[in-house]
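Bear in mind that the values in this text are calculations on the coordinates, not laboratory data. Please read these numbers as outputs of a predicted model, since none were measured by experiment. In this analysis, Cβ positions are derived from the backbone assuming ideal geometry, glycine residues included, and neighbour counts consider all displayed protein chains.
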Amino acid sequence: MSALLEVDGVSRRFGGLYALRDVSFSVGEGEIVGLIGPNGAGKTTCFNVVSGTLAPSTGTVRFKGHQIAGLKPSAIVALGLARTFQATTVFPTATVLENVMRGAFARTPVSPLASLFNTGAARAGLAASEERCARLLERLGLAPFRHQPAGELPYGHQRRLGVAIALAAQPQLLMLDEPVAGLNPEESAEMGRLIRDLHETEKVTVLLVEHHMRLVMGICHRIVVLDHGEKIAEGLPAEIRSDRSVIEAYLGTEEEA
Ligand SMILES: Nc1ncnc2c1ncn2[C@@H]1O[C@H](COP(=O)(O)OP(=O)(O)OP(=O)(O)O)[C@@H](O)[C@H]1O
Ligand SMILES: [Mg+2]
């Protein structure tokens, strides 16, 4: 299995605090990899560095062999890497379909000149991407709501819309930051099935940040564990479940709480 994503020796400091310290791991094409760790472990910072929202203080990130650390998020999306956000980030007044179209444009923007002159190519491009987005909404069970303002959707649907927006960019690597946070058990199980299903049918590689351990253990092929910005373990779900340092990291946070 070739590595699609390689994070190598990445550190990120905020003042005196290392949110990430010398973190290395890779994600192979076709894998579902879990990135877990207690609150404040550095998971979202890692996503921010990989997706271009933050530059690393040191270290390199390669995606499909390209060095991407420090590139703009839009350039990284164009290479085929899309993410969702820990907090729901839909445009509340835009419709569900418009929100997903925004994700599609993140990957293949219509050139401003072409759209200004409303050329045939621009119209055809728009129609094709609208059709693809409509299919995606169908796939995610959001089609009945496509003309509703996204802000009016129930929370669970908004989380799924976040996944749809990322998928609209047709990523090879989909990075999900706590996709089931705030969802009820039924919605969480449904999201788990959806991730597994997308992985199987769309052949999308997944990097999953989640606190929901049953979901992580159930769908991930491999797990990387961060604690206080450092990688403390990496392995198969069964290995991680019984790893002493991982258990201590989680127990430690319970005691602190
Ligand atoms: N922009 C920032 N400025 C200063 N400190 C930050 C910033 N972003 C993150 N941090 C700090 O970096 C550390 C790691 O935060 P991060 O959000 O990456 O953790 P996390 O593993 O995603 O946690 P959670 O599970 O709670 O989402 C924390 O101590 C956090 O306070
Ligand atoms: Mg986080």
Inset, instruction - Go through LEU142, LEU207, LEU194 and say which Cα lies farthest out towards the positive end of the charge dipole of the chain; charges sit on Cβ, +1 for Lys and Arg, -1 for Asp and Glu. - result: LEU142
Inset, instruction - Sort out for me the Cα centre separation of segment 127-178 from segment 52-100, rounded to whole Å. - result: 16 Å
Legend entry - Calculated [θ] (222 nm, deg cm²/dmol) that DSSP helices of n ≥ 4 give over the chain, each run adding -39,500 (n - 2.57): -13000 deg cm²/dmol
Legend entry - Cβ-placed point charges (K, R +1; D, E -1), dipole of the chain about Cα centre in debye, nearest 20: 880 debye
Inset, instruction - Place +1 on the Cβ of every Lys and Arg and -1 on the Cβ of every Asp and Glu in the chain, take the dipole about the Cα centre, and give the residue among VAL27, ILE219, PRO92 whose Cα lies farthest towards its positive end. - result: PRO92
Inset, instruction - Grab every C-alpha pair in segment 100-211, bin the distances at 5 angstrom width from 0 up to the longest one, and report whole percents. - result: 2, 11, 20, 22, 19, 13, 7, 4, 2, 0
Legend entry - Sorted by Cβ neighbour density within 10 Å, fewest at the top, the residues HIS147, HIS228: HIS147, HIS228
Legend entry - Descending principal axes extents, the chain, alpha-carbon based, whole Å: 60, 40, 37
Inset, instruction - Could you line up MET217, MET175, MET101 from fewest to most neighbouring Cβ atoms inside 10 Å? - result: MET217, MET101, MET175
Legend entry - FRET E, pair GLU130, MET213, Förster distance 30 Å, beta-carbon r, rounded to 0.05: 0.15
Inset, instruction - Answer with one residue from LEU4, LEU183, THR45: the one whose Cα lies farthest towards the positive end of the charge dipole of the chain, charges on Cβ with Lys, Arg +1 and Asp, Glu -1. - result: LEU4
Inset, instruction - Return the percentage of antiparallel bridges among DSSP beta bridges fully within the chain, rounded to the nearest 5 %. - result: 55 percent
Legend entry - Relative contact order, percent, the chain [alpha-carbon distance under 8 Å, six or more residues apart]: 27 percent
Inset, instruction - Taking the Cα centre of segment 90-170 as origin, sum charge times position over the Cβ atoms of Lys and Arg (+1) and Asp and Glu (-1), and report the length of that vector in debye to the nearest 20. - result: 200 debye
Legend entry - Contact order normalised by residue count of segment 144-231, Cα under 8 Å, 6+ apart, percent: 27 percent
Legend entry - Ranked list, fewest to most other Cβ atoms within 10 Å of each Cβ, for SER57, SER74, SER11: SER74, SER57, SER11
Legend entry - Relative contact order [Cα under 8 Å, 6+ residues apart], segment 90-170, whole percent: 54 percent
Inset, instruction - Among the lysines, select those whose C-alpha is under 20 Å from the C-alpha of LYS231, and discard any that sit fewer than 8 residues away in the same chain. - result: LYS43
Inset, instruction - Report, in debye and to the nearest 20, how large the dipole of segment 173-216 comes out about its Cα centre when Lys and Arg carry +1 and Asp and Glu carry -1 on their Cβ. - result: 160 debye
